[in-house]
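Visitor: One structure is given below, represented as C-alpha cells, and several questions about it will come after.
The values are calculated or read from the model by the stated rules, or taken from the named source; none is laboratory data. This structure is a prediction, so every number in the text was calculated from the model and none was measured. Positions of Cβ are generated from backbone atoms using ideal geometry, with glycine treated the same way; all protein chains shown enter the neighbour counts. SASA here: full protein model, heavy atoms, side chains in, ligands and nucleic acids out. Shrake-Rupley method; radii C 1.70, N 1.55, O 1.52, S 1.80 Å.
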Amino acid sequence: MRSCRDITALVSQGLDKKLSLGERLAIGLHVMMCSSCRNFQSQSQFIRRAAKGYIKNLHHQPDNKTET
Amino acid sequence: MLLSAEMNPPDQLNEALLAEHRPVLFRYALLQLKDSELADDAVQETLLAAWQASANFEGRAGLRTWLIGILKHKIADHWRRSAREVVTAEFDQIDNDEDESDEDAFFMSNGHWNGGPSTWNDPEAAFKQQEFWTIYETCHNNLPAKMAQVFMLRELVGLDTDEVCQEAGISDANYWVTMHRARLRLRECLEIRWFNQPKTKKENNHA
Ligand SMILES: [Zn+2]
C-alpha cells in the first residue's frame, strides 16, 4: 500500500506524462479511500486550469495597472 | 521521397512554422511585460528577427527554445529603454531561494498527510473574481525562484516538459520533484489565502 506522499507524487507526474496501468490503479484505489489525496488530485487539476485562467485574465486587462 | 527531403536545406524556416509558436511566445512576453500590447510588439519583433536570422538557425527541434532566446533579448531591450520604470515582483526575478529542500512539512514521517487538503467548494467560481488572481499571483511569487520559473514555463507559458528542462537547466528527475513541490505549495497557499477565508469576504466583491 503506497503512502499519501507517494500517491500525490504520482498524481503530479500523471499531469505531465502517461502513467503505467499499475500506477493508475494504485492512484484509483488510494483516492477511493483517502479524501485528502482525492482533494489533492482535483486541486492539482484546478491549479492547472487556474494557470491558464491567470494568463487569460492578464491578457484581458485593459491596462497593466491593478486597482488597489 | 526520403532522399529529396534530405537534399532540401534541412530545416527551412517559413512563416507558418514561426506562427505556430506565436501563442507560447506571447504568453511568455505577457508574463514578463504585463501588458498585451507590449507583449505583442515584442513577439512581432522576435519573429521578424528570427526570419532575418533564419540562416543561423540549425534544426527545427530547438526552434521554440531559439525563439524564446531572441524574445528574451527583446524583453531586456524593453526594460533597458524604460529603465525608469520600477520592476516589481516579476515572476522569475525574485530571489527567495531559502528552503527549497523538501516537502517534509506536508507529510509525516510515515507518508501520511500532515494536515492535508480540505475540500474546496465550487473552486471555479473564483476565476470570476479579480481578487482571486491577485492571490494566485502572490502564491506564485511566494515559491522559491527556481521553482516559480519551472512552474511558469510549464503551466503558464505552456512549454513541453523537455523544453522546460532545457530552458531552466534542470534534469528530468529534478523536473518531477520541482513541479510536485510547486503544486503542493500553491495548493496550500490558495487554500489558506482564498478557500479557507470566510465566505462573506469573497461575496462582497462585486466588481
Ligand atoms: Zn492519501
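Visitor: What are the residue pairs meeting all of these: first residue in segment B:190-207, first residue within 18 Å of B:Glu137 (Cβ to Cβ), second residue at pLDDT below 50 and open to solvent by 100 Å² or more (accessible area, probe 1.4 Å), Cβ atoms under 9 Å, and 6 or more apart or on different chains?
Guide: Listed pairs, sorted by first residue: B:Ala207/A:Glu67.
Okay, residues lined up against (1) near the ligand (Cβ under 10 Å from one of its atoms); (2) assigned to a loop (DSSP other than H, G, I, E, B); (3) modelled with pLDDT of 95 or more:
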position: A:Glu23; (1), (2), (3): no, no, yes
position: A:Val31; (1), (2), (3): yes, no, yes
position: A:Asn39; (1), (2), (3): yes, no, yes
position: A:Phe46; (1), (2), (3): no, no, yes
position: A:Lys56; (1), (2), (3): no, no, no
position: A:Glu67; (1), (2), (3): no, yes, no
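Visitor: Filter segment A:11-21 for residues that are in a helix (DSSP H, G or I) and of a type outside the set (Gly, Ala, Ser); which is least open to solvent (accessible area, probe 1.4 Å)?
Guide: Here the residue is A:Val11.
Visitor: Select, from B:Ala49, B:Ala53, B:Ala42, B:Ala29, the only residue that is open to solvent by less than 60 Å² (accessible area, probe 1.4 Å) and in contact (Cβ under 8 Å) with a residue 40 or more places away in the chain.
Guide: On inspection, the qualifying residue turns out to be B:Ala29.
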